[in-house]
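Following this message is one structure expressed as structure tokens.
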Amino acid sequence: MTDSIIFAGFGGQGLLFAGKLIAYGGMIEGKEVSWIPSYGPEMRGGTANCSVRISDMPVSSPVVSNPDYLIVMNSPSYTKFINSVRPGGKVFIDSSMIDEKCSRTDIDCFYIPATELAHDNGVDGMANIVLCGKLLRETGVIKTESVENALNKIIPESRKALIESNLKAIQIGMDI
Amino acid sequence: MSVVFRKPDSMADVNTHYCPGCTHGIVHRLICEIIDEMGIEGDTIGICPVGCSVMAYDYFNCDMIEAPHGRAPAVATGVKRSLPDKFVFTYQGDGDLAAIGTAETIHAAARGENITIIFINNTTYGMTGGQMAPTTLPGQVTQTTPYGRDVEKAGYPVKMCEILSQVDGTALAQRVSVDSPKEVQNAKKAIRKAFQIQRDRKGFSIVEVLSTCPTNWGMSPVESLERLRQECIPYFPLGVYKDITAKENSND
Amino acid sequence: MTAERVLMKGNEALAEAAIRAGCKCYFGYPITPQTEIAAFMAKNMPKRGGTFLQAESEIAAINMVLGAASAGVRAMTSSSSPGISLKSEGISYIAASDLPCVIINVQRGGPGLGGIQPAQADYWQAVKSGGHGDFHILVFAPNSVQEMADMVVKAFEKADQYRIPAMILSDGMLGQMMEPVVFPEISDKMPEKPWATNGHGNKRKHNIINTLFLQPDELEASVSARSKKYETIVENEQDAEFYLTDDADIVVTAYGAVSRICREAVDEARKNGIKAGLLRPKVLWPFPVKDYQKIVPTAKSILCAELSTGQMIDDVKLAVNCSVPVEFYGRTGGNLPSADEIIKKLAEINDSLS
């Protein structure tokens, strides 16, 4: 059993971090995981994306062409990736940033105004994590407690306050 | 009977391959005298890149490395960063230091790398048979400037001490000559000062030694020394271009 | 207690493992996609008793490695394809000086400035022409973040054992991707280096590191002695991984990033009734000829997959003595083949066999 996820949007929206968080959580559960970013000048202000695999078996290729799940936070990335999602897949769309509506009937699309929700709830800039919360809720790709454990590992001691706001953002996503 | 003159201990007891009248031997000897006087043969690593002195590893009794052309300051950096308590010197010619190795030289100085460079400037590529060097004088005939160095086409000589004196990491940049016993003594003082700066961990030191190449200049040794005085020194004036210890020394 | 799994980028895992392996000096120059190695070293070397220095050029960096290796310490540099070309002069001198060191090439697309995405176009450069003259370097080919860490440790050990430069031939995918990695416990006991130019301390004759031999007989003796050493390495250091090759009609062969995609393709092909297997060289020089010989009796076809227009395939053909047909599939420019592309090629070959 392998789950593959693409996280895509603008550089600065925290998509690489979101992917790392989910991959880290998978690793904590004892699963095999991989994370690979797009890299290069395109990252600076342009689109940024990363591919994550979470598997019971060793991961063959970290490169994901047809994801099971897609978290997407800007229009160019939506256009780029929407048709690559596997039939039966799930897509988590930040509807604060993306106006398009998907016409595919073989996938489930969730329209979440994540950027607005984050802003309204005092966790500005954590729309990426809000979407992760929804991903956890709808897919169970990893357990919520694994994300908590991952946050404790990834976020350095000096910035512990961030853990709480991340957890809050996760909860917002879960509650939608 | 007392011994008044002998070969320094750190100088190998072998014949060198240098041409008759070449001043490399004098400079080798000065370095070895200083190594002996400072008692540092066992703590010294010398680096000689490509050029007439490439085989100097056989002439010094300290540990020696032969380096790629122009790269001696980088190799010296690697040695010194690994062994900061040892003495590290490079012995480089003008083509090596001022043409192919300009970047390595200037950046070692910029880092204030605590090494000593002995720079032999004889205004020609000696080893390959006398081609134009970065320090070849305007009008000087070489194999690759057969009509004399035309600065319109071949550019101007590079004055390394002047350039390196502008670099913040340089502790000492001094130009000396070995054309007379008096200048040989001055050269020795400069090289000793450079080694002392390294001992005191004060940074990058370079001593440029104006030298002769009778074979490639097509002159007798005596004529060569005369040319050095008449033509080279006026273009490359002797002197201290930078010495961060000068102030403290003047207070002595 | 089992060591903790941590999620790290390949470049960072390699750098961490290098420090654990006793790397005392790192010299580098920024170039994508390997810069994380330099950044990691800059952050960690000063805290752990090592030296990080950003050189003025790749040329200077490799010569600083030459100096540090001469001084007897474990030294490393890293770069990506165009930068390795600049280092090739120094690599030749280090090989000729019989000095141990580790060189990392996180390959990107070429020639020229090329691109910054993964490629395997420097195979020939690594295994055949690392610089001028008659020499070889050890070339390791990791295919995971774990192997980025494990192989750099092995590279330091083997480099010291044989007094030879060792290269990790990686690529942008392995450098940039994150995977769980467990760092091995490493002995801090370093081998003696009586040949080092570290100051004789008046206790021994002076050591000389030299590559110049103007007398033909002396140079020939030096080259021959090194050639003897290479024979020992060829005998002892070949290494490859076999996956489902025992009954395979078609053996896919690939190293590094592509080998992972090929493994997925082999699994899928098996589901479709194609008897495929994978032979993955873990060391590229010495090329694992002995391992390729093992598949000769059973394989009906070999498919060599590379991120190039075909470089390793020459060695594959030589390794099987052209007794098995060798097909090729390659992508360039920084493109990775999908598993589907490999499966399609496997299906074509399978059809031609029946």
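Express the relative contact order of chain C as a whole percentage, based on alpha carbon pairs under 8 Å and six or more residues apart in sequence.
Working: 761 pairs, mean separation 62.0, N = 354.
The value is 18 percent.
With all distinct Cα pairs included, what does the Kirkwood hydrodynamic radius of chain B come out to in Å, to one decimal, could you say?
On the way: mean 1/r = 0.0552 Å⁻¹.
Mean inverse Cα-Cα distance, inverted, gives 18.1 Å.
Please build a GNM for chain C, connecting alpha carbons under 10 Å apart, and tell me which residue among C:Gly67, C:Gly28, C:Gly109 fluctuates the most.
With Cα springs under 10 Å in chain C, the top fluctuation among C:Gly67, C:Gly28, C:Gly109 is at C:Gly67.
Oh, and also: Taking every residue in B:56-63, how many Cβ atoms of other protein chains lie within 10 Å of its Cβ, on average?
The shielding value for this peptide is 4.
May I pose another question? Starting at the first residue of the range C:22-27, write each ³J(HN,Hα) from the Karplus equation 6.51 cos²θ - 1.76 cosθ + 1.60 with θ = phi - 60°, in whole Hz, x for Gly and Pro.
x, 5, 9, 9, 10, 10
Starting from one equal scatterer on each C-alpha and no solvent at all, send me the Debye-based log10 I(q)/I(0) for the protein assembly as shown at q = 0.11 Å⁻¹, two decimals.
-1.13
Out of the trypsin sites (Lys or Arg not before Pro) in the range A:1-72, which ones are loop residues according to DSSP with at most 11 other C-beta atoms within 10 Å? Before the final figure, lay out the partial values.
Details: sites: A:Lys20, A:Lys31, A:Arg44, A:Arg53; in loops: A:Lys31, A:Arg44.
Counting only loop positions with at most 11 other Cβ atoms within 10 Å, the trypsin sites (Lys or Arg not before Pro) in the range A:1-72 are A:Arg44.
Still on this structure, please answer the following. As I understand it, the dipole of the protein assembly as shown uses +1 on the Cβ of Lys and Arg and -1 on the Cβ of Asp and Glu, about the Cα centre. Which of B:Thr136, A:Val85, C:Ala119 lies farthest toward its positive end?
Ranked along the dipole, the leading option is B:Thr136.
A further question on this structure: Which shape class, rounded, prolate or oblate, goes with the range B:1-85 when its Cα gyration tensor gives a ≥ b ≥ c as root eigenvalues, a/c under 1.5 marks rounded, and past that a/b bigger than b/c marks prolate?
Cα axes put the range B:1-85 in the oblate bin.
Oh, and also: Mind listing the long-range amide H neighbours of B:Met11? Cut-off is under 5 Å, sequence gap 5 or more, other chains count too, H placed in the peptide plane at 1.01 Å from N.
B:Asn61
Spelling out what I want: for every residue of the range C:127-143, take phi, set θ = phi - 60°, compute 6.51 cos²θ - 1.76 cosθ + 1.60 (Karplus), and round to whole Hz; glycine and proline get x.
Result, rounded to whole Hz: 9, 10, 9, x, x, 6, x, 9, 8, 10, 10, 5, 10, 9, 10, x, 10.
Go ahead and collect, in residue order, the members of the range B:83-117 whose backbone nitrogen is under 12 Å from a label point 7 Å along the Cα-Cβ direction of B:Ala154.
Output list for this probe position: empty.
If you don't mind, there's one more thing I want to ask. How high is the relative contact order of the range A:2-175? Use alpha-carbon pairs under 8 Å, at least six apart in sequence, and give a whole percent. Mind showing how you got there, number by number?
Numbers: 363 pairs, mean separation 38.7, N = 174.
Taking the mean separation of contacting Cα pairs over the length of the range A:2-175, I get 22 percent.
To check you understand DSSP bridge types, tell me what percent of the beta bridges within the protein assembly as shown (both residues inside) are antiparallel, rounded to 5. The partial results should precede the final answer.
On the way: 35 of 111 bridges.
Within the protein assembly as shown, antiparallel bridges account for around 30 percent of the total.
Taking the Cα of C:Thr232, stepping 7 Å toward and past its beta carbon, and measuring to each backbone N in the range C:157-177: which are under 20 Å?
Under cut-off, by backbone N: C:157-167.
For B:Cys22, C:Cys23, write out the residues from largest to smallest accessible area, computed with a 1.4 angstrom probe and no ligands counted. If you can, show how the numbers build up before the last one.
Numbers: B:Cys22 35, C:Cys23 5 Å².
Largest to smallest exposure gives the sequence B:Cys22, C:Cys23.
Can you spot the lysines whose alpha carbon is less than 22 Å from B:Lys159's alpha carbon? Ignore those fewer than 8 places along the same chain.
Cα-Cα hits under 22 Å: B:Lys188, B:Lys189, B:Lys193, B:Lys242.
Would you tally the net charge around C:Ser224, using a Cβ to Cβ cut-off of less than 15 Å, leaving C:Ser224 out, and scoring K and R as +1, D and E as -1?
Details: positive: C:Arg226, C:Lys228, C:Lys229; negative: C:Asp98, C:Asp134, C:Asp217, C:Glu218, C:Glu220, C:Glu231.
Combined, the nearby Lys, Arg, Asp and Glu give -3.
Another question, if that's okay. Taking K and R as +1 and D and E as -1, what net charge do the other residues with C-beta under 14 Å from the C-beta of C:Asn202 add up to? Show your work: numbers first, answer last.
Values: positive: B:Lys86, C:Lys203, C:Arg204, C:Lys205; negative: B:Asp9, B:Asp36, B:Glu41, B:Asp43, B:Asp63.
Neighbour charge sum, excluding C:Asn202 itself: -1.
Can you give the local net charge around A:Thr144? Use residues other than it whose beta-carbon is closer than 14 angstrom to its beta-carbon, Lys and Arg +1, Asp and Glu -1. If you can, show how the numbers build up before the last one.
Numbers: positive: A:Lys134, A:Arg137, A:Lys143, A:Lys168; negative: A:Glu29, A:Glu138, A:Glu145, A:Glu148, A:Asp175.
Result for the neighbourhood of A:Thr144: -1.
Can you spot the lysines whose alpha carbon is less than 24 Å from A:Lys80's alpha carbon? Ignore those fewer than 8 places along the same chain.
A:Lys20, A:Lys90, A:Lys101, A:Lys134
Near the amide H of A:Phe92, under 5 Å away, which other amide H atoms are found, from residues 5 or more places off or on another chain, if H is placed in the peptide plane?
Under 5 Å from the amide H of A:Phe92 lie the amide H atoms of A:Leu70, A:Ile71, A:Val72, A:Phe110, each far enough along the sequence or on another chain.
What do you get for trypsin sites (Lys or Arg not before Pro) in the range A:72-139 restricted to DSSP loop and a cutoff of at most 13 other Cβ within 10 Å of the site's Cβ?
Values: sites: A:Lys80, A:Lys90, A:Lys101, A:Arg104, A:Lys134, A:Arg137; in loops: A:Lys101, A:Arg104.
Qualifying residues, ordered by number: A:Lys101, A:Arg104.
What lysines does C:Lys128 reach when the alpha-carbon gap must be under 18 Å and sequence neighbours fewer than 8 apart in one chain are set aside?
Partners within reach: C:Lys87, C:Lys228, C:Lys229, C:Lys282, C:Lys317.
Using only Cα atoms, what is the ratio of the radius of gyration of the range C:242-353 to 2.2 N^0.38 Å?
Numbers: Rg = 12.5 Å, N = 112, 2.2 N^0.38 = 13.2 Å.
Working it through for the range C:242-353, the quotient is 0.94.
What size of dipole, in debye to the nearest 20, comes out for the protein assembly as shown about its Cα centre when the only charges are +1 on Lys and Arg C-beta atoms and -1 on Asp and Glu C-beta atoms?
Working: 76 positive and 91 negative charges, 214 e Å.
I would put it at about 1020 debye.
Okay, next question. Scan around B:Ile45 for amide H atoms under 5 Å from its own, H built in the peptide plane at 1.01 Å from N, and keep only partners 5 or more places away or cross-chain.
B:Phe87, B:Val88, B:Phe89
Could you work out the helix-only [θ] at 222 nm for chain A, with each DSSP H run of four or more residues adding -39,500 (n - 2.57) and the total divided by the number of residues, to the nearest 500 deg cm²/dmol? Could you put the intermediate results ahead of the total?
Details: 6 runs with 67 residues, N = 176.
The helix-only estimate for chain A comes to -11500 deg cm²/dmol at 222 nm.
Students often check this: by mean Cβ neighbours within 10 Å, which of B:58-64, C:310-316 ranks highest, and how do the rest follow?
Values: B:58-64: 24.4, C:310-316: 20.7.
Ranking the peptides B:58-64, C:310-316 by packing returns B:58-64, C:310-316.
Moving on to the next point. For the range C:97-147, list log₁₀ I(q)/I(0) at each q in 0.13, 0.19, 0.27, 0.30 Å⁻¹, using the Debye formula over Cα point scatterers of equal strength and ignoring solvent, two decimals each.
-0.39, -0.78, -1.20, -1.29
Another one. May I ask you to give the percent of accessible area on the range C:242-353 that is carbon plus sulfur, with a probe radius of 1.4 Å? Present the calculation step by step, with values, prior to reporting the outcome.
Working: 1990 of 4300 Å².
Carbon-and-sulfur percentage of accessible area, whole number: 46.
Could you report the accessible area of A:Glu138 in Å², rounded to 10, computed with a 1.4 Å probe on the protein chains as they sit in the structure?
That residue has around 60 Å² of solvent-accessible surface.
Which whole-Hz couplings ³J(HN,Hα) result when phi for each residue of the range C:72-77 is put into the Karplus expression 6.51 cos²θ - 1.76 cosθ + 1.60, θ = phi - 60°, listed in order with x for Gly and Pro?
Karplus-based 3J(HN,Hα) across the range C:72-77 equals x, 9, 6, 10, 8, 9 Hz.
Another one. Taking every residue in B:99-107, how many Cβ atoms of other protein chains lie within 10 Å of its Cβ, on average?
Working: counts 0, 1, 3, 0, 5, 7, 0, 1, 4.
Averaged over the peptide's residues, the number is 2.
Whole-Å semi-axes of the range B:56-181's equivalent ellipsoid, largest first, each the root of 5 times a Cα gyration tensor eigenvalue? Each step should come with its number before you reach the end.
Values: eigenvalues 148, 57, 35 Å².
Taking √(5λ) for each Cα gyration eigenvalue gives 27, 17, 13 Å.
Same structure again: If you average 1/r over all unlike Cα pairs in the range C:6-236 and invert the result, what Kirkwood radius do you get in angstrom? Present the calculation step by step, with values, prior to reporting the outcome.
Working: mean 1/r = 0.0565 Å⁻¹.
One decimal place: 17.7 Å for the Kirkwood radius.
The values are calculated or read from the model by the stated rules, or taken from the named source; none is laboratory data. Computed from a predicted structure; not experimentally measured. Counting neighbours? That spans all protein chains shown, and the Cβs are built from the backbone with ideal geometry, glycine included. These area figures cover heavy atoms from the full protein model, side chains too; ligands, DNA and RNA do not enter into them. Shrake-Rupley method; radii C 1.70, N 1.55, O 1.52, S 1.80 Å.
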